[in-house]
Amino acid sequence: MTFEAIVIGGSYAGLSAGLQLARARRKILMIDAGLRRNRFIGHSHGFLGQDGREPGQIVDEARRQLMAYPSVEWLAQSAIGVKIEAGGFIVSTQDERSFHGLRLILATGVVDELPGIPGLQERWGKQVFHCPYCHGYELNGGPIGVLAASPGAIHHAMMLPDWGPTTFFLNQVFEPDSEQLAGLAARGVLLEREAVIAIGGDTQINITLADGRVCKLAGVFTQPRTRMASPIAAALGCEFEEGPTGPFIKVDAMRETSVSGVFACGDASLAAGTVAIAVGEGARTGSAVHHSLIYRHAR
């Protein structure tokens, strides 16, 4: 059987892309390993109409709606390889099956690589976050920490005073220049240059410094590095571009990669890790793939 499009990744972007194609009555296969990037958080925020819902509930409902379309098939597996052949692609899965598709959508996402500070990993998505728009409001105006993991930490530090009094833990990773120091001062941000050696706490979060002091906070924001969650884009020869947190798949205005017939959406191709943006980018990509199928004989 030949599918008109195979979508690798069934989280927010992949589901949204698939929905556009399903509504265009195209035969599609969704392949998903079930590892959402935001599986560590309890509630999702900032997505219109879904604000405050559990992420798993949003995905489950979206999948139920998508699978109501008879042209969609779902495979709960990991895609492990793709071969380019005349007229399309052969996708192989971990259970040793192969599927043929005319178009390929990579909604494979990224993996967050967190600073190696004891206590941080287990609090990721609970008391330690990356997106102020997603999690800042729920800290209820309490004291907030920004843990520097890259020079991009300055943007967190400038933003977060809108959600609560902010302390910028430079952690010997980053030193603001004179202009940045003036901006931070104008925003009322406190600077802490002592190294962070541990993170603890249950309902609140405690940052232990090298000199023994403990700072009690409502929440902490940091900047994880990201890497591709799947090797498929690289194996296909897709071009990448360097984003603020790591490499991302390079796409054009129609969301097509440098490899003809391969499209990408979501966190794998855009440095903006929110549900709302992923859904929007998925919709754009699904529509673009539909257009490419219409005009495929002219390519």
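Please find, within the stretch 231-256, the residue that is surrounded by the most Cβ atoms within 10 Å (Cβ to Cβ) out of those that are under 18 Å from the mean Cα position of the chain (by Cα) and closer than 17 Å to Arg103 by Cβ. Selected residue: Ile249.
The rows are residues; the columns are (1) in contact with a Phe, Trp or Tyr (Cβ under 6 Å, 6 or more places away or on another chain); (2) within 15 Å of His45 (Cβ to Cβ).
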| position | (1), (2) |
| --- | --- |
| Asp112 | no, no |
| Pro115 | no, no |
| Leu120 | no, no |
| Gly125 | yes, yes |
| Cys131 | no, yes |
| Cys134 | no, yes |
| Val146 | yes, no |
| Gly152 | no, no |
| Pro161 | no, no |
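Of the residues making up the stretch 105-118, at least one is over 30 Å from Val146 (Cα atoms), of a type outside the set (Gly, Ala, Ser) and either buried (at least 18 other Cβ atoms within 10 Å of the Cβ) or assigned by TED's automatic domain parsing to the domain that holds Ala195 (or both). Got at least one residue in the stretch 191-203 being closer than 17 Å to Thr108 by Cβ, modelled with pLDDT of 95 or more and crowded, with 20+ Cβ neighbours inside 10 Å? No.
Filtering Glu73, Glu122 for residues that are assigned by TED's automatic domain parsing to the domain that holds Ala235 and either charged (D, E, K, R) or surrounded by fewer than 16 Cβ atoms within 10 Å (Cβ to Cβ) (or both) leaves a single hit, Glu73. The sole residue among Ala288, Ala283 that is within 27 Å of His130 (Cα to Cα) and either modelled with pLDDT under 95 or of a type in the set (A, V, I, L, M, F, W, C) (or both) is Ala283. Picking from residues in the stretch 34-47 that are surrounded by fewer than 19 Cβ atoms within 10 Å (Cβ to Cβ) and modelled with pLDDT of 85 or more, the one that is nearest to the chain's Cα centre (by Cα) is Leu35.
For the residues Gly212, Gly237, the requirement of being outside the structural domain of Asn38 (by TED's automatic domain parsing) and without any contact (Cβ under 8 Å) to a residue 60 or more places away in the chain singles out Gly212. With a requirement of 1 or more residues that are among the small types (Gly, Ala, Ser), the strands (runs of 3 or more DSSP E) lying completely within the stretch 197-288 that satisfy it span 219-222, 262-264. Among the residues making up the stretch 240-288, those that are at positive phi and either outside the structural domain of Arg39 (by TED's automatic domain parsing) or in contact with a helix residue (DSSP H, G or I) (Cβ under 8 Å, 6 or more places away or on another chain) (or both) are Arg255, Gly261, Gly266.
Taking the stated definitions as given, is Ala62 within 23 Å of Val251 (Cα to Cα), in contact (Cβ under 8 Å) with a residue 40 or more places away in the chain, among the hydrophobic types (A, V, I, L, M, F, W, C) and in contact with a helix residue (DSSP H, G or I) (Cβ under 6 Å, 6 or more places away or on another chain)? When the stated conditions are applied, Ala62 does not pass them.
The values are calculated or read from the model by the stated rules, or taken from the named source; none is laboratory data. As the structure is a computational prediction, the values presented were derived from the model and not from experiment. When we count neighbours, we look across all protein chains shown, and the Cβ atoms used for this are built from the backbone with ideal geometry, even at glycine.
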